[in-house]
């Protein structure tokens, strides 16, 4: 079959479109941190309810991870992405028109549901289009794009909602999500064969029929393997802290304790996005080229995250503005290893036919952590009580000390993760 576009160009086009979708996934996830104060005023709600509103994204997101893996293994990743991304677009537009907390929570559930089925199918598509060593690099790059999404949800969103209100911003993002959904349908193909190219991985699904693994058998295989659990616990505890801070309470904290405006807080939080943009590819490079190990990079970076978080818990109100920028960058830089290294480790542990199911099952844990952490912190802050609409510094300090215990648990779990770095590459 004659092509106007080469194989290499085509796979990067696919990566570009799916990467753009992933940018929006992160944008939707973290948007409440910047517009939370406006939304709280607009919808007349307190911290605990705001925690539920922000985390309403994470419940369906977490619950959809196994179905996302199953759907991309059965329905095909492209179909799954387009169908669900359209739901996410509708949820974002509905959020813009919500005038009660209940309506806003419902809209947010649809956003979470819709964007839940992007990451796993994208990894599945990349598995078919990129060679194994290249795949780790591309998944690192994908995480960087998540960082770009996190960045757009900080400073740019603050500026956009200043210009067209938070409601206007949600409509714009909803429309963008819809357009991208259409482009994925038109241009993306699940495997090279569907686009008329030769398969690159010798065992493409068409040639592996005899080793087909049933859906539920796949999940049982994943859950029964003890090596799966330390990684699951590491992502659960690490993400509980990271998403609670970046996705919701970090913005409040900076405005309440440091008296920042929304735009200033957005700017400081954007340093977290930059930490992830730089950290993710660097962690995959360290894992592949320097340490030739998944486990060492994971454990060292969890130790780094714990060390960086400690001063925030004990000297909560004593940072200079520069120190806050450096803190946000460093913490996010270390924690970016969770996905890049962690997901590669899980993918290496299971047969390719159930790679979607395995990563999907793992992907429940970070979101379960976030869904638990965000409202719990909100509930705790509410129990201390706000003074003139602001939570006191001691309340944040205690909440952060609880976060420290979670990061310690993540570090311990990371030390129990099994090494899965391919032996034959180790000598290269």
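Cα-based values for the chain, radius of gyration first and Dmax second, are 20.9, 70 Å. Taken along its three principal axes, the alpha carbon spread of segment 298-389 comes to 56, 28, 16 Å, from the longest extent down to the shortest. When each of the peptides 36-48, 134-146 is scored by the mean number of other C-beta atoms lying within 10 Å of its residues, the order from highest to lowest reads 134-146, 36-48. Fully extending the segment from residue 162 to residue 408, taken as 0.36 nm per residue of separation minus the present Cα-Cα distance, adds 84.7 nm. Each peptide in 186-197, 255-266 was scored by the mean count of other Cβ atoms within 10 Å over its residues; highest first, the order is 255-266, 186-197. When each of the peptides 147-156, 235-244, 7-16 is scored by how many other beta carbons lie within 10 Å of its residues on average, the order from highest to lowest is 235-244, 147-156, 7-16.
Between residue 397 and residue 229, how high is the FRET efficiency from 1/(1 + (r/R0)^6) when r is the Cβ-Cβ distance and R₀ = 45 Å? Nearest 0.05. The formula returns an efficiency of 0.90 here. Pair-distance distribution of segment 349-428: all C-alpha pairs, bin width 10 Å, starting at 0; shares per bin in whole percent are 14, 29, 26, 16, 10, 4, 0. Per-residue extension of 0.36 nm, minus the Cα-Cα distance of residue 185 and residue 387, leaves a gain of 67.7 nm for this segment. The C-alpha atoms of the chain define a longest principal axis, and helix 77-96 lies at about 20 degrees to it. Between 0 and 90 degrees, the angle of helix 295-314 with respect to the longest Cα principal axis of the chain falls at about 10 degrees. Computed from Cα atoms, the angle from the helix 262-285 axis to the main principal axis of the chain rounds to 30 degrees.
Full extension from residue 74 to residue 137: what is 0.36 nm times the residue separation minus their Cα-Cα distance, to one decimal in nm? Can you show the working numbers first?
Values: separation 63, 0.36 × 63 = 22.68 nm, distance 2.60 nm.
Taking residue 74 through residue 137 to full extension adds about 20.1 nm, to one decimal.
Each principal axis of the Cα atoms in segment 1-92 has its own extent, and those three values, largest first, are 60, 26, 18 angstrom.
May I ask you to derive the relative contact order of segment 38-117, considering only C-alpha pairs under 8 Å and at least 6 residues apart, and to give it as an integer percent?
44
Okay, which of segment 376-417 sit inside 18 Å, backbone N to the point 7 Å along the Cα-Cβ direction of residue 290? The answer is none. Overall, the ratio between the Cα radius of gyration of segment 117-172 and 2.2 N^0.38 Å, rounded to two decimals, is 1.55.
Across the chain, C-alpha contacts under 8 Å between residues 6 or more apart give a mean separation that, scaled by the residue count, equals a relative contact order of 27 percent.
No value in this document is a laboratory result; all are computed from the given coordinates. Nothing here was measured: the structure is a model prediction, and the numbers come from that model. All Cβ positions, glycine included, derive from the backbone under ideal geometry; neighbour counts span all protein chains shown.
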